Amino acid sequence: MAVICNQAVRITVPNPVAVCYPERISLTSFFGVSPTWFLLMVRDDFKGGKITLEKALKLLEKLDIQCNTIHVKYIFKDNDRLKQGRITIEEFRTIYRIITYREEIIEIFNTYSENRKILLEKNLVKFLMQEQYTLDFSESIASEIIQKYEPIEEVKQAHQMSFEGFRRYMDSSECLLFDNKYDHVYQDMTHPLTDYFISSSHNTYLISDQLWGPSDLWGYISALVKGCRCLEIDCWDGSQNEPVVYHGYTFTSKLLFKTVIQAIHKYAFVASEYPVVLSLENHCSPSQQEVMADTLLATFGDALLSYTLDNFSDRLPSPEALKFKVLVRNKKIGTLHETLERKGSDKHGQVEEFEEEEEIEQEEDGSGAKEPEPVGDFQDDLAKEEQSKQVVGIPLFRKKKIKISMALSDLVIYTKVEKFKSFHHSNLYQQFNESNSIGESQARKLTKLAAREFILHTRKFITRVYPKAIRADSSNFNPQEFWNVGCQMVALNFQTPGLPMDLQNGKFLDNGCSGYVLKPHFLRDKKTKFNPHKVLIDNNPLTLTIRLISGIQLPPSYQNKADTLVIVEIFGVPNDQMKQQSRVIKKNAFNPRWNETFTFVIQVPELALIRFVAENQGLIAGNEFLGQYTLPVLCMNRGYRRVPLFSKMGESLEPASLFIYVWYIR
């Protein structure tokens, strides 16, 4: 049944997908010149008469129409007049028009079309320059777009574009929000490693919780495929002199160390050619440490960095200098010079014992109270008693004797692990090749109490921040607060979906998903005055305007009755943390229209991420997540753009997307 809706016919779909398209739109205006093109494309599929839903889906695919199968099922059912599960060519044409008709695109098309039927080449150039902020476009480039996206041959030959071609172009990857000039490595990769944010994972071998869940090679493979460059490997003594990888003193399953290394070797440089850091949590005996060293050397060969590079004996090399190299991050005995002197010698059986100060981790909740200590044999009663007498926030240490195999120690070159004591101590004694690991609670206190000192520290030394021990469910912290002070390795549980991993994935979209993103100048400058909590008055802010226009085939919710809304969030320095929300469009996940405008003033855009979240409003159980997309603010295109949506697990939900208009000044 059709009802008049703002000069449009509203087609009612069961429970319900509400789809509007113009009442008076002719086939000629819809397809550009004539309906002949469409009939020629589909008539052979109807030689046998009617077609089923399965064949209709294949025909839509043949016509290069991306569509959500659930949405198509509802539309198919509504247009199957005889309810036989088979439709005529006319019924299919109606379905095609419902799926492809976009009123907002027609409005743009008509603005630049002289007759509302055809877009001339010169008009396309005008659109690209005025609306898409493309300043270097010429008619030859416009001609290439027409040749690529216009499906009607006679229109293409005339160097024109029909609405069908224009819609295809607007739905293409060329009109995505993410600017494709950032989808390759474009940054200067010759700075020292300390100058980069490095994609890092925590307990990479786990694919579930920290106590009972399985260890799996997929943890390493999936992280590497996503561009992760720092992997954590917890190593323990195994049977038959074979080291194993698992979360010690828990019920997580075990992997052989050698199979983990073989998997890493296979996938290390699939997504990025820049160095991979293996962060070893080494709990093995000296004999099994030697097995680890032999495995690393045998598997990686020349790719394993076992000696300093030429010209980098007293400073950290760059990602460029370390291309296709694997670095071992672990405790180390002696200096790099001593390591070089032992080059070529047989180190098997050589063991060094030294006394190390082991930090007793303190955890704190939002109220300032201490959180319960995790159960484990590494916490004895004396240490707990000592900890209870100290001021929360001051790191505590106890003496511990450690035996290190020289064979493994000498594989540690530029990423030696050194306990963090204080910024003052590091400034006086820490060497260029020594890096720190700091628990999230202590790191959070330092960001609040000594942000500028933290920035000066991360300017000189690689700093890894890891989740606190009580996150037994593998939950994550917000990584943004540690990026704000220049921490290079902010390690997250990659297996756990949610906001932190959305930010992680969005952050490292930049620089070609290489896993290395050059830090802003103010986080690399030794004279920096930057403090994320105190933005300077003379800072040059960015004013960002987002017009949320519509949604495109959003993921259907329960019985397809989604009451859709969109949240736009900014993440960055504390003053830039903000979000705005659209109104709710009732019972429409197929083509909701908002036409709402949001404005953000961003003080430090170099650190800012923007996150779009589509939700289904829930009045009792809370809103249901439908999809999200996160990217750096400075990687956005301007103009009319499509925002692809991803699931909680980071999987593409194409064709689900948002249609927006972006404008910003600085």
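What to note about this one:
- log₁₀ of I(q)/I(0) at q = 0.12, 0.19, 0.31 Å⁻¹ - the stretch 147-204, Debye sum with one point per alpha carbon: -0.56, -0.80, -1.15
- Candidates Gly349, Gly48, Thr36 compared by Cα position along the dipole of the chain: farthest toward the positive end lies Thr36, with charges placed on Cβ.
- The mean sequence separation of alpha-carbon pairs under 8 Å and at least six residues apart, normalised by the residue count of the stretch 237-301, gives a relative contact order of 41 percent.
- Measuring nothing but alpha carbons in the stretch 536-605 and taking Rh as the Kirkwood radius, the Rg to Rh ratio lands at 1.13.
- Inter-label distance for Thr52 and Leu39, nm, one decimal - labels placed 7 Å from Cα along Cα-to-Cβ: 2.8
- The convex hull drawn around the Cα atoms of the stretch 263-302, when projected onto a plane and averaged over every direction, covers 3.3 nm².
- Surface per residue (accessible, 1.4 Å probe) for the chain, Å²: 44
- Contour excess over end-to-end distance, with Cα ends at Lys181 and Ile665 and 0.36 nm allotted per residue: 172.3 nm
- Pairwise FRET efficiency - Leu135 versus Asp314, Cβ, R0 = 41 Å, nearest 0.05: 0.35
- Length gained on full extension, Lys529 to Ser285, computed as 0.36 nm times the residue gap minus the Cα-Cα distance: 83.2 nm.
- Thr597-Met649 FRET efficiency (beta carbon distance; Förster radius 56 Å; 0.05 resolution): 0.95
- Mean-position separation - Cα centroids, the stretch 597-630 and the stretch 233-290, in angstrom: 38
- Under the Debye formula (equal points on every Cα, no solvent term), log10 I(q)/I(0) of the stretch 187-337 at q = 0.12, 0.16 Å⁻¹: -0.51, -0.89
- Evaluating kT/(6 pi eta Rh) at 20 °C and 1.002 mPa s, with the Kirkwood radius of the stretch 439-500 over Cα pairs in the Stokes-Einstein relation, gives 179 µm² s⁻¹.
- Ellipticity estimate at 222 nm from DSSP helix runs (n ≥ 4, -39,500 (n - 2.57)) divided over the chain, nearest 500: -7500 deg cm²/dmol
- Glu242/Gln581 FRET efficiency (R0 60 Å; Cβ-Cβ; nearest 0.05): 0.65
- Once the gyration tensor of the Cα atoms in the chain is diagonalised, the equivalent ellipsoid follows with semi-axes of 54, 26, 25 Å, ordered largest first.
- With respect to the chain, whose longest principal axis is taken over its alpha-carbon atoms, helix 451-460 is tilted by about 80°.
- At 1.002 mPa s and 20 °C, Stokes D of the stretch 105-182 from Kirkwood alpha-carbon radius, µm² per second: 171
- Extension gain from Gln262 to Asn539, taking 0.36 nm per residue of separation minus the Cα-Cα distance: 94.8 nm
- Mean silhouette area of the stretch 168-262, derived from the convex hull of its C-alpha atoms and averaged over all directions, reads 9.6 nm².
- Percent of Cα pairs exceeding the 20 Å cut-off, where the set is the stretch 581-662: 39
- Relative intensity of the stretch 515-666 on a log10 scale, I(q)/I(0) at q = 0.12 Å⁻¹, equals -0.56, per a Debye sum over C-alpha point scatterers of equal strength in the absence of solvent.
The values are calculated or read from the model by the stated rules, or taken from the named source; none is laboratory data. On a predicted model such as this, the values are computed, not experimentally measured, just so you know. Ideal geometry is used to build each Cβ from the backbone, glycine not excepted, and the neighbour counts take in all protein chains shown. Just the protein is used for accessible areas: all its heavy atoms, side chains included, with ligands, DNA and RNA removed. Shrake-Rupley method; radii C 1.70, N 1.55, O 1.52, S 1.80 Å.
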